[in-house]
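Taken together, the values in this text are just the output of simple stated rules run on the coordinates, not laboratory data. Remember, predicted model here, so these are calculated numbers, not experimental data. For neighbour counting, all protein chains shown are included, and Cβ atoms are generated from backbone atoms with ideal geometry for every residue, glycine included.
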Amino acid sequence: MKNIILISIDNLRFDCVGYQPDKKELIKYDVLRNLETPTLDLIAERSLCFTHCISTNTYTTAAHASMLTGLYPPGHGIRAFYEKKLSKDVYTLAEILKVFGYETVMMTDVASLFQPLELHRGYDHFFHNDDIGLFKFLEENKAKKLFIFLHFYDVHSPFLLSKNPQYINDEYFTAMKALYRKFNLEIRDPRKKNHKKYRKLWLDLINHIGYATHEAFFPLYGRGVSWFDQGRFKCCMDRLKAMDLLEDSMLVITSDHGEGKSVPENPDKFDHGGCLFDSVIRVPFMIYHQDFSPRLIEDTVSIVDIVPTILDLAVNDHVKNQLSYPLSGIPLTTSEKNHERFVYSETWCPEKRSFKVPEIFPSNFLYQRSVRKNTRKFVIQGEPESNDFQGDMQNVSQEEFVKNVYRGLLLRFEGFTEYLKALNDLKEKKMTKDGFLRKTMNSLEYRSKNRYVMYNLQEDPFEDHPIKLDGTSLLSAEARSNFDAIVRISGNPVQSDYIFPQDDEMIREIVKKAFKQNWKEKADLLIDNKHLLTCLMEDLIIQKKLSNIPRKNKVIKNYLFTSEEFSLFLYDRMFNITSKSFIVRRIVTSLIPYDKLYKIYFSLIKSFPRHTKMGKWLYRFMTRIMYS
C-alpha cells in the first residue's frame, strides 16, 4: 500500500452521508430537501461503510486526539476542551508511520486546535488553511510514500462559511439575510467578504436570539454540508485523483463529532460540545481501498479504531504490540464480530458563568461518561464513585472531598462561599465527612439529579426518555457490567502538561490585594482549585466591593492585578456595573420578572423594526437593559 489519506470533516453528522439508512431526524426537520452529497456518496459506494461509529467526545480537541492516537481520552491526556496537551508518553499515528518510511503531511483549517495541544507531532510538513500550498507540495512529492491528514472546517458553524478564502461566496450572506429577516433584524453588508467579517454576522445573530435552534438552523446546516461536498471537497478529491494519489492507497473519511441535541433541558438547541447524545457523538466512517469489497457494517465501532485499522493494513498489526501501552481501538478489517464490546465516550463540562474568564485559569469537570453496546447506552453523570461512602473517605483531603461532592454528586461547580463554609465546618469539626455526605444526599438538589441512566436507542431514538437507574436496577448484571466498564476505562488516567502556564505567583498577588486577613491561606486554596478564583471575582463584582475603584485601566492594574489580561477583563466588567444602563436594568428587573421582560423586549422589537427611528432607539435601550 503506497499512500494513506485520513480526512476529518469537522462537525459532520452521521446521517448527512447517503449510505446511512437512519434519516429519522433529517426527515423530522425537513433537511433532506436541500441535502445532496454526490462526492461522499460516490466514495461510499466503493468503501467499507460503518453505520454506528461513535466518537469519544462532543468537541474537537479530545476527539481528534483519540482519532490520531487510537486511545480513549483517559489514555492520551487531552480531556477537557482546551486545558492540557497530549501526553508525552503517547505516540501519534504520524510518529509511528514515520518509522515505517512514510513522509507525513498535515493540513488543517484551524491550527490552534492542534499545535498548542501537540497534536501535530510527527508531521514532516504542516499546512494551515492552505489548499494551494498543499497541492503544490503533493504534486512535487507524489512519487513518495505519503501519510496525509486533512482537517476541513467548512461544515462547522457558521454554516455555509469556509475558513478558506477561496471558497467564500455570496451564498452565506444570502442565508444570513434570510435569518436576519426571520428574526426582524437589520443586516449590514460588510465591505470585506472575509471569514472574520462574515462570522461577526453569525455571532451578532446568535447573541440576539440566544442560541441556534433545530427548526431555523438544521436546514441551513444541511445546505452547508451539500455546499462543501460539491465545492471544496469535490475539488480536493479531483486533485488527489488527477495526481494518482488514490491509486493503491487507503482513504479514510470520518468526523470528530456532529451537530444536534446537546443539552437535555433545552432539546431545541442545535449545537455540540454538551452531553453525549447520538446526534453529536455518532459520526460517519468509511474506508476505501481498491482491494476492498464495498459493504455496509452495522457493528458499533469507535474512532479509536482508526489507528489500529490503518496500522493493520499499511504496515503490520503487530506493531501495536511493540508500543509501551495497549491501544483502545481494534482493527476493523477482520470478519469477526464482537457483540460484547463496549465503546466509550466522555464529555467535560467547562465553567459556565455570567462572564468570560481569561484562559489562563481553565476550569472543567468530568460531566458524563458512557458506554455503548448495540442499541443500549449507559451513562454516568459526574463521578459518583469518587464519593462512595462505603470507601475510605479519610484518605481523601478535605478540599478534594468537598470538590468531589459538588462535581460528582450535584453535577455542578462548587460556589466560592459554599465551598469555604463546607471546608470551614470540616476543619473546625462542626461536621464530619460522613455527615456532610449524608446532608448532601438528603438534599432536594441531589435527589432530583439522575446520576446513572440508560437509553434504549431502538425504542427511544431521539433520547428523550432516559431510564433512571437507582437501587435495585443498578444491581442487575447488565447495569453493573456497563458501569464497571466505564470506571475501568476512565480509571488511572495518564497525566499531561497544561497548555497555559499556571501562574501561582499571580494568584497570590491577586489574593494579597483582595483580602486583608488570611490571604496566604486563601491563596493556597485558589491555587489548588482555580475555579474558585472566578467565583471570587464574580462575588466581589456583584457585591460592588470593587465598584469604588476609579475606572482607569492603569489604576486597576496597580491596585489589584499584575496580569494585563485579567486587568482588562475586570475593567470591562466594572464599566458595565457602573454604567447607567446597569442601574436601569437593576430597577427594571426588580419590578418585572425576566420571562415577562423577554416577551416585552421581543414584542417591541417586532412592532418597531430596527430600520425605523423609533426601532433603533428601542433596540439600543432594551438591549442595554437586557444584556449589559
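With Cβ to Cβ distances under 13 Å as the rule, what net charge do the other residues near Asn424 carry (K, R +1; D, E -1)? It would help to have the intermediate numbers written out before the result.
On the way: positive: Lys421, Lys427, Lys429, Lys430, Lys522; negative: Glu399, Glu418, Asp425, Glu428, Glu521.
In short, 0.
Please identify every one of the trypsin sites (Lys or Arg not before Pro) in region 151-216 that sits in a loop by DSSP and has no more than 10 other beta carbons within 10 Å of its own beta carbon.
Working: sites: Lys163, Lys177, Arg181, Lys182, Arg188, Arg191, Lys192, Lys193, Lys196, Lys197, Arg199, Lys200; in loops: Lys163, Arg188, Arg191, Lys192, Lys193.
Hits after loop and neighbour filter: Arg188, Arg191, Lys192.
Sorting Lys427, Lys142 on the 10 Å Cβ count, fewest up front, what's the list? Don't skip to the end; give the middle numbers.
On the way: Lys427 11, Lys142 14.
The most exposed by this proxy come first: Lys427, Lys142.
Which far-off residues, 5 or more places away or on another chain, put their amide H under 5 Å from the one on His52, with H placed in the peptide plane?
Correct list: Val301.
So which GluC sites (Glu not before Pro) in region 256-319 are both in a DSSP loop and have at most 16 other Cβ atoms within 10 Å of their Cβ? Let's see the in-between values first.
On the way: sites: Glu259, Glu265, Glu298; in loops: Glu259, Glu265.
Sparse-neighbourhood loop GluC sites (Glu not before Pro): Glu265.
List the residues, sorted by chain then number, that are 5 or more residues from Phe127 or on another chain and whose placed amide H is less than 5 Å from its amide H.
Met106, Met107, Thr108
So what are the ³J(HN,Hα) numbers for region 34-49, from phi and the Karplus equation (6.51, -1.76, 1.60; θ = phi - 60°), rounded to whole Hz, Gly and Pro as x?
Listing the rounded values in order: 10, 9, 9, 10, x, 5, 5, 5, 5, 5, 4, 4, 10, 10, 7, 10 Hz.
Once phi is turned into ³J(HN,Hα) by the Karplus curve 6.51 cos²θ - 1.76 cosθ + 1.60 with θ = phi - 60°, what whole-Hz value does each residue of region 365-370 show in order, with x for glycine and proline?
Per-residue couplings from phi come out as 9, 5, 8, 9, 9, 9 Hz.
Short version: ³J(HN,Hα) in whole Hz for each residue of region 60-70, in order, from phi by Karplus 6.51 cos²θ - 1.76 cosθ + 1.60 (θ = phi - 60°), x for Gly and Pro, what are they?
After applying 6.51 cos²θ - 1.76 cosθ + 1.60, I find 5, 5, 5, 5, 5, 4, 5, 4, 9, 10, x Hz.
To make sure I understand, if each residue's beta carbon is the centre and we count other beta carbons within 10 Å, what order do Val90, Val396 fall in, fewest to most?
Ordered from fewest to most neighbouring Cβ atoms within 10 Å, Val90, Val396 come out as Val396, Val90.
Based on alpha-carbon centroids, what's the gap between region 83-104 and region 292-310 in Å, whole number please?
Their Cα centres are 21 Å away from one another.
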